[in-house]
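Below: one structure, written as structure tokens.
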Amino acid sequence: MTEARTIFRSSAATSTLAIHYHVAMPQPQSHLFEVTLQVEGWEAPLLDLKMPVWTPGSYLVREYARHLQDFSADNGNPTQSLPWRKLAKNHWLVETGDASAITVRYRIFANELTVRTNHLDASHGYFNGAALFFFIPGFEQHPCQVTIAPPNPDWRVTTPLPAVSGKFNTFEARDFDTLVDSPFEIGDHKLYEFEVLGKPHQLAIWGEGNADPKRIIEDTTKIIKVEAELFGGLPYDHYLFLLYLTASGFGGLEHKDSCSLIYSRFGFRAKDKYNRFLQLVAHEFFHLWNVKRIRPLALETFDYEKENYTTSLWFSEGTTSYYDLLIPQRAGIYDAKTLLENLSKEITRFLTTPGRKVQPLDESSFDAWIKLYRRDANSDNNQISYYLKGEMVSLLLDLLIRERHGNKRSLDDVIRIMWEQFGKGEIGFTPQQLREVIESVAELDLSNFFSKTIE
């Protein structure tokens with residue numbers, strides 16, 4: 001069977017096309033988002049629609065299309081339906097005929113509160129673009145708008161996307177990547193605004209617990225300043241922290257202008273638990289440079305339909321994990337003794353994982369799609385996390401560079417060069433280019449080191 005493909009009638013289609021998503025939730029207790037996709041200015045007899053199978057930052061095929069139901073298509077009039085058929089697990093084809101305005105309607109079940117999925121109930125709605133929206137192949141670079149219809153007039157909409165002037169609860173993304181990279185929170189969450197280095201920031205908190213917003217903002221501000229100093233400034237116009245307080249959750253997902261965080265609702269008073277939360281903040285914020293802008297070549301252009309393989313997650317995630325230990329100490333949030341205690345715990349965890357002697361670090365990164373997020377009874381015996389071992393390799397590189405240059409150089413210099421050479425222009429780096437930068441800072445041939453620690 002040959003896959004049906006869109007046939008364009010005119011090159012003018014890209015300039016006249018308008019893509020608009022409408023998201024409603026009239027019965028939030030049903031956990032169903034009601035999505036309407038309006039395409040205007042279409043000039044082809046067929047319309048391909050595809051749902052991403054994963055979201056950047058979480059390296060697992062999650063099959064978001066499994067939550068989709070009640071698909072329909074029409075020419076703008078619900079009584080005049082258009083023929084459609086499903087070609088693959090995430091691929092729908094609509095026969096548009098002469099219609100230039102097409103309306104696609106579907107519902108998404110959302111009852112999984114994680115940073116990489118969707119959640120809707122009587123208290124709020126949260127979604128990630130990859131888990132909710134179709135993309136039109138060939139039009140991923142086209143701008144689009146999103147209009148939110150909350151079920152309650154008291155619910156506010158919070159997202160890093162800019163609002164469209166004159167249109168209520170309507171936001172614009174310059175392309176599909178930006179839409180995927182911009183989570184939405186809709187509800188009566190608490191919203192706090194603060195400024196750091198002349199740029200506006202927001203902290204949105206959903207849920208109840210013992211979090212102290214004032215203290216969180218004060219310490220987050222310290223983290224922002226330290227990381228901005230490391231990279232030479234902040235590469236965004238505004239930034240949003242989304243914090244979800246749950247019974248025992250832990251996790252984060254990075255975005256260019258925001259991050260989503262989940263943490264235990266009562267994990268903010270005990271010193272060690274609060275420090276762990278700030279490490280999470282430091283980690284996800286560090287990612288706005290390392291992985292969102294400084295990213296492996298395999299992730300320079302996302303393929304939302306399949307695995308995007310890279311052997312460099314040890315740097316993207318592991319080095320970030322190393323810095324999430326360092327940053328709070330540099331910010332004065334905890335002292336050197338606490339830093340060493342935290343580091344010793346990580347070293348112990350590494351040394352007590354038998355899989356470190358079985359799975360090479362580059363293989364751990366490459367196989368993230370089938371192993372890290374799919375642990376079983378044998379996982380500790382046959383694999384090692386690229387977060388953990390990448391952190392250890394980053395520690396060794398930092399110490400090696402510092403010892404070689406009398407503390408006048410460090411891993412910081414590697415990070416800065418990677419930012420200047422690759423991050424600012426968002427040019428993907430190869431494993432060889434990363435190694436060359438590290439060797440240039442160390443002024444050493446590190447072939448033997450890489451062979452022993454990564455390969």
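A short reminder: the numbers here are calculations on the coordinates, not readings from a lab. Keep in mind it's a predicted model, so treat the numbers as computed, not measured. Because the Cβ atoms are built from the backbone with ideal geometry, glycine has one as well, and the counts that use them run over all protein chains shown.
Considering only F277, I262, L240, whose Cα is most displaced toward the positive end of the charge dipole of the stretch 232-308, charges sitting on Cβ of Lys, Arg (+1) and Asp, Glu (-1)?
It is F277.
With 10 angstrom as the radius, rank R156, R215, R62, R116 by how many other C-beta atoms surround their C-beta, starting from the fewest.
With the sparsest Cβ surroundings first, the list reads R215, R156, R62, R116.
Mind checking which of G207, P143, V94 is farthest towards the positive end of the chain's charge dipole, using Cβ charges of +1 (Lys, Arg) and -1 (Asp, Glu) about the Cα centre?
G207
Be a star and scan the stretch 288-313 for residues whose amide nitrogen sits under 15 Å from the point 7 Å along the Cα-to-Cβ vector of Q141.
Correct set: 301-302.
Can you give the extra length, in nm with one decimal, that the chain gains between Y373 and K225 once fully stretched, where that is 0.36 nm per residue apart less the Cα-Cα distance?
Contour length minus Cα-Cα distance gives 50.0 nm.
Provide the gained length on full extension for the span R156 to L399, in nm with one decimal, where the gain is 0.36 nm per separating residue minus the Cα-Cα distance.
82.7 nm
Quick one: which residues, 5 or more positions from F429 or on another chain, have an amide H under 5 Å from its amide H? H modelled 1.01 Å from N in the peptide plane, none for Pro or chain starts.
Hits under the 5 Å cutoff: R295, L297.
Please give the contour-minus-distance gain from R269 to L351: 0.36 nm per residue of separation, less the Cα-Cα distance, rounded to one decimal in nm.
Additional length available on full extension: 26.5 nm.
Each residue of the stretch 86-94 in turn: what ³J(HN,Hα) in whole Hz from Karplus with 6.51, -1.76, 1.60 and θ = phi - 60°, glycine and Pro shown as x?
Calculated HN-Hα couplings, in order: 9, 9, 7, 4, 10, 10, 10, 10, 10 Hz.
Could you give the nm distance between label points at S344 and F194, where each point is 7 Å from its Cα heading toward the beta carbon?
With each label placed 7 Å out from Cα toward Cβ, I get 3.1 nm.
Once both labels are modelled 7 Å past Cα along the beta-carbon direction, what's the K86-H238 spacing in nm?
Calculated label separation equals 3.9 nm.
Rounded to whole Å and sorted largest first, list the principal axis extents of the Cα atoms in the stretch 39-108.
Largest to smallest, the principal-axis extents are 40, 22, 19 Å.
With the convex hull built on the Cα atoms of the stretch 319-408, state its orientation-averaged projected area in nm².
6.8 nm²
For a paramagnetic label modelled at 7 Å from the Cα of A149 toward its Cβ, which residues of the stretch 68-106 fall within the zone defined by backbone nitrogen distances under 18 Å?
Backbone N within reach: 69-80, 102-106.
In the P(r) worked out for the stretch 289-455, what percent of Cα pairs fall beyond 29 Å?
The answer is 19 percent, as a whole percent.
Mind sorting E284, E43 by how few other Cβ atoms lie within 10 Å of their own Cβ, fewest first?
Fewest to most other Cβ atoms nearby, the residues stand as E43, E284.
In the structure displayed, which of K256/K371; K256/K306; K256/K345; K273/K306; K89/K357 lie more than 32 Å apart, Cα to Cα?
K273/K306; K89/K357
In Å and whole numbers, how far do the C-alpha atoms of the stretch 13-187 stretch along each principal axis, longest first?
Principal axes ranked by extent give 43, 38, 32 Å for the Cα atoms.
Give, rounded to the nearest 20 debye, the magnitude of the charge dipole that the chain has about its Cα centre when Lys and Arg contribute +1 at Cβ and Asp and Glu contribute -1 at Cβ.
Dipole magnitude for the chain comes out near 860 debye.
Filter the GluC sites (Glu not before Pro) in the stretch 173-220 down to the DSSP loop ones having no more than 16 other Cβ atoms within 10 Å, then list what survives.
Answer in residue order: E208.
Per DSSP H run of at least 4 residues, take -39500 (n - 2.57); add these up for the chain, divide by its residues and hand me the 222 nm value, nearest 500 deg cm²/dmol.
Computed mean residue ellipticity for the chain: -8500 deg cm²/dmol.
Fewest Cβ neighbours within 10 Å first, please rank R105, R295 accordingly.
The order, fewest Cβ neighbours first, is R105, R295.
With bins 20 Å wide starting at 0, give me the P(r) of the chain over every alpha carbon pair, in whole percents.
23, 54, 21, 1
Between L46 and S248, how many nm apart are label points set 7 Å from Cα along the C-beta direction?
Each label point lies 7 Å from its Cα, and together they span 5.0 nm.
In whole Hz and in residue order, list the ³J(HN,Hα) couplings for the stretch 35-40 that follow from phi through the Karplus curve 6.51 cos²θ - 1.76 cosθ + 1.60, θ = phi - 60°; x for Gly and Pro.
Couplings: 10, 10, 10, 10, 10, 10 Hz.
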